[in-house]
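Okay, so here's the structure we're looking at.
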Amino acid sequence: MVRVPLTGSETPFAPVSPFAAAIAHAFDVTLVVCAVLGLAVAGAIGYSLVAFRARAGAADPPQIAGHRALEVVWTVVPLAIVTGLFVMTVATMAKSDPPAERAPDLTVVAHQWWWEVRYASGAITANEIHVPVGASLLVRLESADVVHDFSVPQLTRKMDAVPGHPNHFWLRADAAGAYGGACFEFCGAQHAWMRLLVLADPLQAFDAWQAAQRAPARPPVEAAAVRGESLFRAEACGSCHAVIGRSFVGSVAPDLTHVASRTTLAAGVLDDTPDGLRAWLRDPQAVKPGSHMPSFNLSEAQVSDLASYLEGLR
């Protein structure tokens, strides 16, 4: 299998939100302070090794007990450095995690191994989060099984998803684009393939996307798609997956109402293309071993019909 890479940037060194910028600034300052201290210590050790090395016939240097000025310096300077870093950290926390004083704009639920995304408006998607450029969205983060960790380094802080203990954080993108993220807490065999994309759109495009996501699925028209929906029903796919408007109400797997409008499949393993969809339906365990999607041993004709149906869910 050839993996199609996500296109979102994932560098923490190019923040595009005030929350990520505060964290990046704190990192830069801490890195510089630690580098200066490291160089100073290494320089002092190097100088001492050369200047005070043992020489043949040399007497022991004089032993001096106590040096008040030096003791004050090496006590006050480290204390000042630690205090400064502490104050900066507190200020960074205030900027990167402002208080949540309203209901969340969307809820993200971490699963093994995919992301469920539900907006307050009723829009539902998976493994992709659309946001309007320049808007701060309050996110409620939950876990359906084990501890996960949500991280999109260009946009926000890392946050653990803990079963039974929802967390909140702010998400914002000040420039349109695609921003990559992932689970940063080992959560099982496919932890490395628990990826996500945040897509920042202009407000008008975001509103159009959200309206489209709230709409029910259209009934299939083409013969292959009609057969595919019948197969979807016969194989009880709707017991795990929901397709709003088509009487499929499963809730333990990704909502497929508009699956064809997404960028990737299986949380980043495959591009959401006809070929990628067929590869996934043909043998999910070959694509993502250990995932909870079973293999139904479908014939090529059945794979083609089912893919035709799902490709129409936009």
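The values are calculated or read from the model by the stated rules, or taken from the named source; none is laboratory data. Worth saying up front: this structure is predicted, and the values here are computed from it rather than measured. Here the Cβ is made from the backbone with ideal geometry for all residues, glycine too, and neighbour counts use every protein chain on show. Note: areas computed on protein heavy atoms with side chains; ligands, DNA, RNA excluded. Shrake-Rupley method; radii C 1.70, N 1.55, O 1.52, S 1.80 Å.
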### Message
I need every pair where a residue in segment 269-292 that is at pLDDT below 95 has its Cβ under 8 Å from the Cβ of a residue that is open to solvent by 40 Å² or more (accessible area, probe 1.4 Å) and among the basic types (Lys, Arg), sequence separation at least 6 or different chains.
### Response
VAL269/ARG3; LEU270/ARG3
### Message
Please determine whether any residue of segment 54-68 is modelled with pLDDT of 90 or more and either open to solvent by less than 50 Å² (accessible area, probe 1.4 Å) or not in a loop (DSSP other than H, G, I, E, B) (or both).
### Response
no
#### Entry: Pair list, Cβ under 8 Å, 6 or more apart: segment 147-164 residue touching a residue at least 40 places away in the same chain (Cβ under 8 Å) and within 14 Å of TRP115 (Cα to Cα), other residue open to solvent by less than 20 Å² (accessible area, probe 1.4 Å) and part of a loop (DSSP other than H, G, I, E, B)
VAL147/CYS187; HIS148/CYS187; HIS148/MET194
### Task
Filter segment 128-171 down to the residues that are of a type in the set (S, T, N, Q), crowded, with 22+ Cβ neighbours inside 10 Å and in contact with a Phe, Trp or Tyr (Cβ under 6 Å, 6 or more places away or on another chain), then identify the one that is nearest to GLU185 (Cα to Cα).
THR156
### Task
State which residue is farthest from SER17 (Cα to Cα) when the search covers only segment 94-123 and only residues that are basic (Lys, Arg) and at pLDDT below 95.
ARG102
### Message
Whether any residue in segment 103-111 is open to solvent by less than 50 Å² (accessible area, probe 1.4 Å), outside any loop (DSSP other than H, G, I, E, B) and within 20 Å of PRO202 (Cα to Cα) is what I want to check.
### Response
yes
### Task
Could you tell me whether segment 92-99 includes any residue that is open to solvent by less than 80 Å² (accessible area, probe 1.4 Å), in contact (Cβ under 8 Å) with a residue 24 or more places away in the chain and in a helix (DSSP H, G or I)?
yes
### Task
Go through the residues of segment 69-79 one by one and say whether even a single one is out of contact with any strand residue (DSSP E or B) (no Cβ under 9 Å at 6 or more places or on another chain), in a loop (DSSP other than H, G, I, E, B) and not aliphatic (A, V, I, L, M).
no
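Residue by residue, here is whether (1) touching a strand residue (DSSP E or B) at 6+ places or on another chain (Cβ under 9 Å); (2) surrounded by fewer than 18 Cβ atoms within 10 Å (Cβ to Cβ); (3) in contact (Cβ under 8 Å) with a residue 40 or more places away in the chain holds:
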{"residue": "HIS191", "(1), (2), (3)": "yes, yes, yes"}
{"residue": "ALA200", "(1), (2), (3)": "yes, no, yes"}
{"residue": "ARG214", "(1), (2), (3)": "yes, yes, yes"}
{"residue": "PRO220", "(1), (2), (3)": "no, no, yes"}
{"residue": "ALA225", "(1), (2), (3)": "no, no, yes"}
{"residue": "SER239", "(1), (2), (3)": "yes, yes, no"}
{"residue": "VAL243", "(1), (2), (3)": "yes, no, yes"}
{"residue": "ARG246", "(1), (2), (3)": "no, no, no"}
### Message
Filter segment 183-217 down to the residues that are on the phi < 0 side of the Ramachandran plot and among the small types (Gly, Ala, Ser) and list them by number.
### Response
ALA189, ALA192, ALA200, ALA205, ALA208, ALA211, ALA212, ALA215, ALA217
### Task
Considering each residue of segment 292-307, count those that are in contact with a Pro (Cβ under 8 Å, 6 or more places away or on another chain) and assigned to a helix (DSSP H, G or I), and give that number.
1
### Query
Hey, any hits in segment 235-244 for a residue that's among the small types (Gly, Ala, Ser) and over 24 Å from ALA123 (Cβ atoms)?
yes
### Message
It is to be established whether one or more residues within segment 179-191 are among the charged types (D, E, K, R), at pLDDT below 95 and farther than 20 Å from GLY268 by Cβ.
### Response
no
### Message
I need a count of the residues in segment 156-170 that are modelled with pLDDT under 95 and among the hydrophobic types (A, V, I, L, M, F, W, C).
### Response
3
#### Entry: Conditions (1) among the aliphatic types (A, V, I, L, M); (2) more than 23 Å from the chain's Cα centre (by Cα); (3) open to solvent by less than 20 Å² (accessible area, probe 1.4 Å); number of the one not met by LEU298
(3)
